[in-house]
Amino acid sequence: MSTSELRAEAIRIVKEIDEDRMEDLLKMLNSLVEQQNAESIEIDPAELNRLLTESLKQAQQGNLIPNEQVLKEGKEWLTKLNGRQMQGVTTSK
């Protein structure tokens, strides 16, 4: 399919989404755009090496963060991020 055909198909599918699911769809689309933008970020190899070396030193010193804490903080961060993305966006229910 061409890009225009894909876009038309996507629009057709969006029009079929139940009204009460539109907010979920908007969040998913925002997430896709964020992911796309994150993939385009370039990291300087020297800076990446420095950060990794620093992280290894911290780990060797026992300065670690438990996985549960990382998951909790990640969830909180994503909740705040989604809240900011949704400000000013209203859906009719």
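Quick one: what Rg and Dmax do you get for the stretch 3-86 from the alpha carbons, in Å?
19.3, 55
Mind checking the angle between helix 3-16 and the chain's longest principal axis? C-alpha axes, 0 to 90 degrees, to the nearest 10.
70
When a footprinting reagent is the concern and you count Cβ atoms within 10 Å, what order do Ile17, Ile43 take, fewest first?
Ile43, Ile17
Work out how much length Leu26 to Glu54 would gain on full extension: take 0.36 nm times their residue separation and subtract the Cα-Cα distance, in nm to one decimal.
On the way: separation 28, 0.36 × 28 = 10.08 nm, distance 3.81 nm.
The Leu26-Glu54 span can extend by a further 6.3 nm.
Could you point to the residue in Asn30, Ala8, Leu71 farthest towards the positive end of the stretch 3-86's charge dipole, with +1 and -1 charges on the Cβ of Lys/Arg and Asp/Glu respectively?
The residue sitting most towards the positive pole is Leu71.
Would you mind ranking Met22, Met1 so that the residue whose beta carbon has the fewest other beta carbons within 10 Å leads the list? Display every interim value, and only then the final one.
Values: Met22 14, Met1 8.
Neighbour counts put them in this order, fewest first: Met1, Met22.
Enter the angle in degrees (range 0 to 90, nearest 10) between the Cα long axis of helix 22-39 and the first principal axis of the Cα atoms of the chain, meaning the one along which they spread out most.
40
Relative to the longest principal axis of the C-alpha atoms of the chain, give the angle of the C-alpha long axis of helix 45-60, reported between 0 and 90° and rounded to the nearest 10°.
Between the helix axis and the principal axis of the chain, the angle is about 60 degrees.
222 nm [θ] for the chain, helices only, -39500 (n - 2.57) per DSSP H run of 4+, per residue, to 500?
Working: 4 runs with 68 residues, N = 93.
So the calculated ellipticity at 222 nm is -24500 deg cm²/dmol.
Computed from the coordinates by the stated procedures, all read-outs in this text should not be read as laboratory data. It should be emphasised that the depicted structure is a prediction, and the values quoted were computed from it without experimental measurement. Glycine also receives a Cβ, built like all others from the backbone with ideal geometry; neighbour counts cover every protein chain displayed.
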